[in-house]
């Protein structure tokens with residue numbers, strides 16, 4: 001029953017990948033021959049050190065057999081070549097019928113560990129699978145369209161430095177399959193990686209390797225399985241400089257939801273745990289069942305975040321990254337306190353934040369926010385204030401490294 005469930009998931013979601021997970025009706029000989037000439041990236045078979053020794057020994061015995069015409073040497077040569085052929089066939093059968101998929105659990109945050117799960121499924125009915133390992137990579141993806149640049153005038157040192165920066169930003173891991181994977185069985189391999197910066201990170205299964213069965217051949221099967229995940233800005237510590245911004249109104253507004261104010265919202269049936277002081281005795285006597293009073297909730301005044309990323313205001317990349325971290329942290333804190341009404345970036349349409357999903361959409365926008373190279377049209381503060389009514393929080397550089405938040409022109413918080 002468990003195997004059938006996994007097969008149903010594979011047919012519905014179609015997220016499984018593998019060397020033989022294809023429709024047989026689409027098999028083409030020209031594609032098969034072209035794959036032998038130009039294989040998939042990272043798809044290769046290389047002899048190991050014992051394999052090279054075995055190949056050299058086979059060449060030596062073959063030369064001696066042809067020079068001496070000895071049947072014993074020919075039999076020995078045939079046995080050595082049979083070992084190489086059997087190793088390749090068994091390695092192919094070991095990998096055949098195995099499929100995999102990547103599972104990511106958003107949200108991810110810069111500087112914190114992010115789990116990546118690799119699920120395996122052995123679709124074979126008779127043969128188990130042994131000794132596989134999986135090479136995973138996670139590298140940041142540049143946001144926006146990239147411009148092609150020629151490297152003809154670049155020196156070898158500059159090219160090596162560029163590749164070194166890419167390699168430094170790439171996280172790699174090798175996950176071994178320590179136990180055998182029985183026919184129809186499933187397995188899960190977990191990997192924790194830590195993204196260094198915000199943005200979009202591409203997690204890719206680079207290759208699947210095997211030394212099965214004798215260790216003479218090292219087989220790597222390249223895959224095109226990749227997933228992308230958005231990395232939110234890392235939290236940052238900040239401090240308030242004016243306590244009046246946190247409590248602008250002593251008396252909050254009433255909203256039509258259950259709360260603990262003095263305004264009666266509705267009557268409802270008594271439930272276990274309700275206070276006896278809330279029982280409405282006249283309504284209970286009239287309806288002949290206990291009824292309790294339900295009051296409206298009282299909320300404090302909300303705030304609206306406005307992030308303006310004009311090149312004239314943000315000239316240092318470190319300060320711009322601190323701005324994204326500060327805005328994300330402040331948005332989460334205000335939303336937790338129930339005082340975040342919305343947010344906007346530059347001239348974009350203001351986002352009304354009422355649910356967790358709205359907050360996540362704003363954090364996704366901050367994750368991919370880039371410092372523009374050209375000056376873009378930006379609405380005046382009066383326009384934003386007119387659309388959001390009051391309590392607009394803006395951000396501006398403070399000194400060389402800091403960022404300050406202003407509420408209606410007065411400094412509220414700083415990093």
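Readers should treat all values here as calculations from the given coordinates under stated rules, not as data from a laboratory. For clarity, every value in this text was computed on a predicted model and none was experimentally measured. Because the Cβ atoms are built from the backbone with ideal geometry, glycine has one as well, and the counts that use them run over all protein chains shown.
Points to keep in mind about this one:
- Label-to-label distance, nm, for residues given as residue 169 and residue 74 (7 Å Cα→Cβ offset): 6.2
- Gain in span if fully extended, residue 408 to residue 37, counting 0.36 nm per residue against the direct Cα distance: 126.9 nm
- The calculated FRET efficiency for residue 200 paired with residue 317, based on their beta-carbon distance and R0 = 25 Å, is about 0.90.
- Using a Förster distance of 30 Å, the FRET efficiency for residue 126-residue 226 (Cβ separation, nearest 0.05): 0.40
- Full-extension gain in nm, residue 192 to residue 348, via 0.36 nm per residue minus C-alpha separation: 52.6 nm
- Chain lengthening between residue 133 and residue 271 when straightened (0.36 nm per residue, less Cα-Cα): 44.0 nm
- Two-site FRET efficiency, residue 161 against residue 294, from Cβ-Cβ distance with R₀ of 45 Å, rounded to 0.05: 0.10
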